[in-house]
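Reviewing the structure listed below.
The values are calculated or read from the model by the stated rules, or taken from the named source; none is laboratory data. None of the values given here were measured: they were computed from a predicted structure. Positions of Cβ are backbone-derived with ideal geometry, glycine not excepted, and every protein chain shown enters the neighbour counts. Note: accessible area is taken over every heavy atom of the protein model, side chains too, but ligands, DNA and RNA are not part of it. Shrake-Rupley method; radii C 1.70, N 1.55, O 1.52, S 1.80 Å.
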Amino acid sequence: LWLVQNGDWIDGTGLATDGDPSALIPLLEKIPFDVLNTGNHELYRDSVVGEMRKPGGFLQWFGHRHLASNVYMNDGSGGNEKKRGEPLSNRYTVLKGRRSTVLVFGFLYDMPNPCESVLVQRVEDAVKEDWFREALTGIDYDAIIVMLHAGHDDPAAEAIRVEIRKITGEAGVHDGENLPIQFIAGHTHYRRFQRLDPLSTIVEA
């Protein structure tokens with residue numbers, strides 16, 4: 001049993017409505033999350049990103065458990081042009097169970113208006129990069145979880161699924177089609193479920 005969190009943790013408690021999460025983060029760090037994804041609401045204010053990145057802070061505390069497969073720091077010098085810097089956190093992680101190993105990604109929908117501190121890469125572009133192929137072909141795993149901070153019917157889900165099937169098929173990983181892929185969506189605040197293919201479903205909390 002794994003406990004996962006799919007982003008937008010800054011909202012819902014009333015403790016960080018002013019954009020200052022310093023009172024909320026110590027409480028979140030008491031929860032034994034196995035995986036946390038990045039939501040859009042954490043990325044609207046530079047101050048929140050700064051608080052997350054503080055030495056000894058939120059991102060360092062959760063370490064490999066915090067994911068941001070397509071979110072990067074902005075290395076630009078200001079103005080309208082953003083330049084991709086280092087990843088906000090980890091692009092993927094691995095969960096080891098008693099009988100299985102699961103490869104986990106954490107994507108954010110194609111967010112058009114993040115704060116100046118970060119750059120959100122299009123999901124469709126992220127899954128074409130070398131790191132994605134290397135994760136899918138260089139690790140021994142039994143199934144995949146895709147944390148997707150997006151609606152269950154967002155085109156990003158299909159883009160990720162198609163690319164996973166293509167890459168794993170070419171590499172002979174579970175013959176591509178025999179690999180279970182579980183999408184965990186969450187963004188529109190509707191509870192939904194959909195079967196994407198015989199071994200892939202998406203559930204939105």
Where only C-alpha atoms are counted, convex hull volume of the chain per residue in Å³: 123
Two-decimal Rg/Rh across the range 27-94, once Rg and the Kirkwood Rh are taken from alpha-carbon atoms: 0.98
Debye log10 I(q)/I(0) at q = 0.33 Å⁻¹ for the range 71-113, Cα point scatterers: -1.14
Magnitude of the charge dipole, the chain, Cβ model with Lys/Arg +1 and Asp/Glu -1, debye to 20: 480
Report the number of Lys pairs in the chain whose alpha-carbons are under 27 Å apart, with separation of 8 or more residues or on distinct chains. 9
With every protein chain kept in place and ligands, DNA and RNA left out, what is the accessible area per residue of the chain? Probe 1.4 Å, answer in Å². 49
Of the accessible area of the range 40-185, with the probe set at 1.4 angstrom, what percent is carbon plus sulfur? 45
How about the range 93-169: which trypsin sites (Lys or Arg not before Pro) there are in a DSSP loop, with at most 15 other Cβ atoms within 10 Å of their Cβ? Arg98, Arg99, Arg122, Lys128
How large are Rg and Dmax for the range 108-185 when only the alpha carbon atoms are used, in Å? 13.3, 42
Ranking Val118, Val146, Gly50 by how far each Cα lies towards the positive end of the charge dipole of the chain (+1 on Lys and Arg Cβ, -1 on Asp and Glu Cβ), the top one is Val146
